[in-house]
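**Q** Pasting a structure below so you can have a look.
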Amino acid sequence: DGRNLIGRSADKPVDIDLIGQEPEERVWSSRQHAAVTLDRGQLVIEDLNSLNGTFVNRQRIHPGQGRVLKPGDVIQIGTVQLRVEV
């Protein structure tokens, strides 16, 4: 429940740490890249003004605009893909 940060924990803590998930020579994720919030049974993702963007099903989501996620959606942050499961 609540807000969960996705990114790299180099400077600030995150809930979903992408360190080690991308090749060292091609790191595309920001330190605090996106947030996923579970509120009243609804899962919403928001880009936190990342440099390289956050994508859901290959469509870029704009910073500050939440997007409701559903089972089967694929979140892409840099080279990392996360699938939403029930």
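The values are calculated or read from the model by the stated rules, or taken from the named source; none is laboratory data. Predicted model only: the values in this text are computed from it and were never measured. Note that we place each Cβ from the backbone using ideal geometry, even for glycine, and neighbour counts take in every protein chain shown. Protein only, heavy atoms only, side chains kept; ligands, DNA and RNA dropped before computing areas. Shrake-Rupley method; radii C 1.70, N 1.55, O 1.52, S 1.80 Å.
**Q** If you take the beta carbon distance between Arg60 and Asp1 as r and set R0 to 30 Å, what does 1/(1 + (r/R0)^6) give as a FRET efficiency, to the nearest 0.05? Spell out each step's value before the answer.
**A** Numbers: r = 27 Å, r/R0 = 0.90.
So, using R0 = 30 Å, E works out to roughly 0.65.
**Q** Summing +1 for each Lys or Arg and -1 for each Asp or Glu, what net charge is found among the other residues whose Cβ lies under 12 Å from the Cβ of Gln59? Let's see the in-between values first.
**A** Details: positive: Arg58, Arg60, Arg67; negative: Asp47, Asp73.
Local net charge: +1.
**Q** Related question: Taking 0.36 nm per residue of sequence separation and subtracting the Cα-Cα distance, how much length would be gained by fully extending the chain between Thr37 and Ser9, in nm to one decimal?
**A** Value of the extension gain: 8.2 nm.
**Q** Enter the mean projected area of the convex hull around the alpha-carbon atoms of the stretch 2-45, in nm², rounded to one decimal.
**A** Numbers: hull surface 12.5 nm².
Orientation-averaged projected area of the Cα hull: 3.1 nm².
**Q** Treating the beta-carbon of each Lys and Arg as +1 and of each Asp and Glu as -1, no other charges, what is the dipole magnitude of the chain about its Cα centre, to the nearest 20 debye? Intermediate values should be presented prior to the final figure.
**A** On the way: 11 positive and 12 negative charges, 56 e Å.
Approximately 260 debye in magnitude.
**Q** Sticking with this one: On the protein heavy atoms, probe 1.4 angstrom, tell me the percent of accessible surface of the stretch 28-83 carried by carbon and sulfur.
**A** Values: 1550 of 3350 Å².
Heavy-atom surface of the stretch 28-83 belonging to carbon and sulfur, 1.4 Å probe: 46 percent.
**Q** Roughly how large, in nm² to one decimal, is the mean projection of the convex hull of the alpha-carbon atoms in the chain? Walk me through the numbers before you get to the answer.
**A** Values: hull surface 21.5 nm².
Its Cα hull, projected and averaged over all orientations, spans 5.4 nm².
**Q** Please give the length that would be gained between Val27 and Lys70 if that part of the chain were fully extended, namely 0.36 nm times their separation in residues minus their C-alpha to C-alpha distance (nm, one decimal).
**A** 12.8 nm is the gain from fully extending Val27 to Lys70.
**Q** Enumerate by residue number the trypsin sites (Lys or Arg not before Pro) in the stretch 1-81 meeting two conditions: DSSP loop (anything except H, G, I, E, B), and at most 11 other Cβ atoms within 10 Å of the site's Cβ. Intermediate values should be presented prior to the final figure.
**A** Numbers: sites: Arg3, Arg8, Arg26, Arg31, Arg40, Arg58, Arg60, Arg67; in loops: Arg8, Arg31, Arg40, Arg58.
Those satisfying the criteria are Arg40, Arg58.
**Q** A further question follows. Add +1 for every Lys or Arg and -1 for every Asp or Glu among the other residues with Cβ under 14 Å from the Cβ of Arg40, and state the total. Write out the running numbers ahead of the final one.
**A** Details: positive: Arg3; negative: Asp1, Asp39.
Its environment carries a net charge of -1.
**Q** Quick one: 3J(HN,Hα) in Hz for the stretch 11-18, Karplus 6.51/-1.76/1.60 with θ = phi - 60°, rounded, Gly and Pro as x.
**A** Result, ordered by residue: 10, 10, x, 10, 8, 10, 8, 9 Hz.
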